[in-house]
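Encoded as structure tokens, the structure appears first; notes follow it.
The values are calculated or read from the model by the stated rules, or taken from the named source; none is laboratory data. What you see is a predicted model; the values in this text were computed from it and never measured. Don't worry about glycine lacking a Cβ; one is built from the backbone with ideal geometry, like all the others, and counts go over all protein chains shown. For the accessible areas, the whole protein counts, side chains as well, though only heavy atoms, and no ligand, DNA or RNA atoms are used. Shrake-Rupley method; radii C 1.70, N 1.55, O 1.52, S 1.80 Å.
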Amino acid sequence: GENVEQHPSTLSVQEGDSAVIKCTYSDSASNYFPWYKQELGKRPQLIIDIRSNVGEKKDQRIAVTLNKTAKHFSLHITETQPEDSAVYFCAAPQAGKLIFGQGTELSVKP
Amino acid sequence: EAQVTQNPRYLITVTGKKLTVTCSQNMNHEYMSWYRQDPGLGLRQIYYSMNVEVTDKGDVPEGYKVSRKEKRNFPLILESPSPNQTSLYFCASSLAGGAKNIQYFGAGTRLSVL
């Protein structure tokens, strides 16, 4: 079945620096790759997603890149701010199921 | 307001006492699912439903039941809860295409089984 590995599990950066979180997946049929952000005590919410027909997608300070050959996709956050501190999850579908990575706790220090 | 509503938000129970966590969405979504969240393990899918009367097992279905008699409701049933089911539970819904579309999550239910 699908396996999604996410790294690192924790990430600490200084405000203004960039942060990169990487996920690898196993099912070559996967074609949709979302990223969710979960603030402390809140529900996960989608921040960006990418489909397999493109290699990169940007939304202001956030970007996602996809390498289908290597089966990995990454979240890039530039000019990090304290409000970016949260847990981030990647995910990939397997048939009707959605498989999430283990999560990355991002801490942005002022 | 478009939303996914779970109840209760917090629940403390004892081993073996049957419980139901309700989930309702008002967005006319076909796909609904349940996840549990545990430290270091991320979100793991318990069950999902592609549409009314259609349910399928996720990755961790043991000890849980679901039903989808109406489009808007997808209750999670624990027939005989055990301490290893202590967790944070999220219900989610999305448009047809389910796992390949945006998931809208409820606020979560924190369950403790003593």
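Miscellaneous remarks
- Options B:78, B:19; residue that is within 15 Å of the chain's Cα centre (by Cα) and more than 30 Å from residue A:5 (Cβ to Cβ): B:19
- From B:93, B:80, residue being open to solvent by 60 Å² or more (accessible area, probe 1.4 Å) and among the polar types (S, T, N, Q): B:80
- Those strands (runs of 3 or more DSSP E) lying entirely in region B:9-114 with at least 1 residues within 14 Å of chain A (Cβ to nearest Cβ) and touching a Lys or Arg at 6+ places or on another chain (Cβ under 9 Å): B:10-13, B:19-25, B:31-38, B:42-51, B:54-57, B:87-94, B:109-113
- Yes/no for residue B:62 being under 24 Å from residue A:102 (Cα atoms) and open to solvent by 60 Å² or more (accessible area, probe 1.4 Å): yes
- Of the set (1) assigned to a strand (DSSP E or B); (2) open to solvent by 40 Å² or more (accessible area, probe 1.4 Å); (3) within 14 Å of another protein chain (Cβ to nearest Cβ), all apply to residue A:53 but (1).
- Put simply, of B:72, B:68, B:36 the only residue that is over 24 Å from residue B:1 (Cβ atoms), out of contact with any Cys (no Cβ under 6 Å at 6 or more places or on another chain), surrounded by 15 or more Cβ atoms within 10 Å (Cβ to Cβ) and in contact (Cβ under 8 Å) with a residue 24 or more places away in the chain is B:36.
- Members of region A:56-110 found to be within 14 Å of chain B (Cβ to nearest Cβ), outside any strand (DSSP E or B) and open to solvent by 40 Å² or more (accessible area, probe 1.4 Å), listed by number: A:95, A:102
- Verdict on residue A:100 being modelled with pLDDT of 95 or more, among the aromatic types (Phe, Trp, Tyr) and either under 24 Å from residue B:96 (Cα atoms) or within 16 Å of the chain's Cα centre (by Cα) (or both): no
- When each of A:45, A:14 is tested for being touching a strand residue (DSSP E or B) at 6+ places or on another chain (Cβ under 7 Å), open to solvent by 60 Å² or more (accessible area, probe 1.4 Å) and more than 14 Å from every other protein chain (Cβ to nearest Cβ), the lone residue that passes is A:14.
- Restricting attention to region A:24-42 and to residues that are open to solvent by less than 40 Å² (accessible area, probe 1.4 Å) and part of a strand (DSSP E or B), the residue that is farthest from residue A:62 (Cα to Cα) turns out to be A:25.
- The condition (being touching a strand residue (DSSP E or B) at 6+ places or on another chain (Cβ under 9 Å), of a type outside the set (Ser, Thr, Tyr) and under 15 Å from residue B:93 (Cα atoms)) is satisfied by just one residue among B:65, B:71: B:71.
- When the criteria are applied in full, residue B:44 fails the requirement of being more than 19 Å from residue A:38 (Cβ to Cβ), open to solvent by 60 Å² or more (accessible area, probe 1.4 Å), in contact (Cβ under 8 Å) with a residue 12 or more places away in the chain and within 14 Å of the chain's Cα centre (by Cα).
- Pair list, Cβ under 6 Å, 6 or more apart: region A:17-37 residue within 11 Å of chain B (Cβ to nearest Cβ), other residue in a loop (DSSP other than H, G, I, E, B) and among the polar types (S, T, N, Q): A:31/A:52
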